[in-house]
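Read-outs throughout are calculated quantities, based only on the coordinates presented, and are distinct from any laboratory measurement. The structure displayed is predicted, hence computed values, not measured ones. For neighbour counting, all protein chains shown are included, and Cβ atoms are generated from backbone atoms with ideal geometry for every residue, glycine included.
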Amino acid sequence: MTATIISILNMKGGVGKTTVTTNISVELFNRNKRVLVIDVDPQFNSTQTLMKFFEKKLDTYFDLRDEDKTLARVFKSTNQSRGIGNSKTVATKASEASIIHTLSSNSLGGVLDIIPGDMGLIVDITDAASDKFRSFIKKNHLKDNYDYILIDCPPTWGQLTSVALSTSDYYLIPTNLDEFSTIGITLLAELLSDKVNSVDKPLKNLGVVYMFLKQNTAEDGIARDQKRFRNDIEAYFTDTMEKLVDSKVRPFDTVFYSDNYLITKSALYFDETIEKHRPDYKQKVCDLVDEIQNRLSEGSSKK
Ligand SMILES: Nc1ncnc2c1ncn2[C@@H]1O[C@H](COP(=O)(O)OP(=O)(O)OP(=O)(O)O)[C@@H](O)[C@H]1O
Ligand SMILES: [Mg+2]
């Protein structure tokens, strides 16, 4: 088994990174895959979403955090104990591998694990972070243990995103279709271009997924005023971005619509109340995962 590592990223906030990460992780697990979610965002929304869904509460998270079993652990220079005002270096009892927390597993080999995010990621991160993260993945044989490793990135371009991309095979971009999102993608493409050229292994675009669009009944499912942005952005993909990032940049056919009911709810479409309200959203996740798996198998047959 060699895991495919996929970062879900966009510098823009609230575009659906966590929604995509958590939903596809659950769907891949439902397909009996071995899946690890790494929550690189200090807001740790993926951790909250998945823990609430599988464990019905967040208490476990705070226990794990108190025991130093979050991603922040990987980036600490030494095994420092957590605690305000405590600058002494004290060895923690837990092994580094114990930050991997199992959310669910099934008898057909499927597993869904998470490395919880942590607010401490804002301070613990240093220049050596990418090396530490890569060595953590290697030492713990994560590539051998999973089919998919999904990394939910923060809404900024900084060390944490850089860390995520430095280990990733692919990145997937969720975006809205509006003025700021279009500008955001062009800025993101410039930064990705530098990154792609600085990493020593292929880093490819897996696709762009249009999120939270206006519900529409037109044949192509895109509202008229959003079509303009889609046309602009797709022209940019083919004319400019593909050269910048040395990779095809293709939108997925599956798009997600905005639903007011969901704005204040969990982003997980497998949640019972959401499923009751919008059963079609779970189907969309299945469609997206079909597309992702197809693209990945195309990619591997080319190698
Ligand atoms: N179909 C939907 N319609 C409307 N809102 C939705 C839908 N699905 C999810 N949401 C909500 O949209 C908000 C933003 O989504 P999400 O958290 O996935 O974005 P994000 O890019 O991860 O944000 P951040 O940049 O803060 O990490 C969340 O509050 C989520 O619950
Ligand atoms: Mg998020």
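Relative contact order of the chain: what whole-number percent is it, with Cα pairs under 8 angstrom and at least 6 residues apart?
25
For the chain, find the longest principal axis of its Cα atoms and tell me its angle to the long axis of helix 45-55, 0 to 90°, nearest 10.
With both axes taken from Cα atoms, the answer is about 80 degrees.
Return the FRET efficiency for the residue pair Lys248, Cys286: r is the Cβ-Cβ distance, R0 is 22 Å, and the value is rounded to the nearest 0.05.
About 0.40, to the nearest 0.05.
Please list the non-local residues whose amide H lies under 5 Å from the amide H of Leu103, H modeled 1.01 Å from N, same-chain partners needing a gap of 5 or more.
Those lying under 5 Å, H to H, from Leu103 are Leu112, Asp113, Ile114.
Quote the convex hull volume per residue of region 4-302, based on C-alpha atoms, as a whole number of Å³. Write down the numbers at each step before the final one.
Numbers: hull volume 42.0 nm³, N = 299.
Once divided by residue count, the hull of region 4-302 is 141 Å³.
Grab the beta carbon distance between Asn32 and Arg134, set R0 = 25 Å, and tell me the FRET efficiency rounded to 0.05.
Approximately 0.35, to the nearest 0.05.
Take the residue pairs Lys12/Lys57; Lys12/Lys69; Lys69/Lys204; Lys143/Lys282; Lys33/Lys284; Lys33/Lys132 and return only those whose Cα atoms are more than 24 Å apart.
In this structure, Lys12/Lys57; Lys12/Lys69; Lys69/Lys204; Lys143/Lys282; Lys33/Lys132 lie more than 24 Å apart at Cα.
Calculate the spin-label point distance for Thr60 paired with His277, positioning each point 7 Å from the Cα along the beta-carbon direction, and give it in nanometres.
2.5
Calculate how many DSSP beta bridges within the chain are antiparallel, expressed in % of all such bridges and rounded to the nearest 5.
Taking every DSSP beta bridge within the chain, about 15 percent pair in antiparallel fashion.
Please compute the length gained on full extension between Tyr261 and Ala223, using 0.36 nm multiplied by the number of residues separating them and subtracting their Cα-Cα distance.
Net length gain for the segment: 11.7 nm.
I want to make sure I understand the PRE zone here: with the label point 7 angstrom from the Cα of Glu234 toward its beta carbon, which residues in region 190-225 have backbone N atoms less than 11 Å away?
220-222
For the chain, what is the calculated [θ] at 222 nm in deg cm²/dmol (nearest 500), taking -39500 (n - 2.57) for each run of four or more DSSP H residues and dividing by its residue count?
Here the helix-only value at 222 nm equals -13000 deg cm²/dmol.
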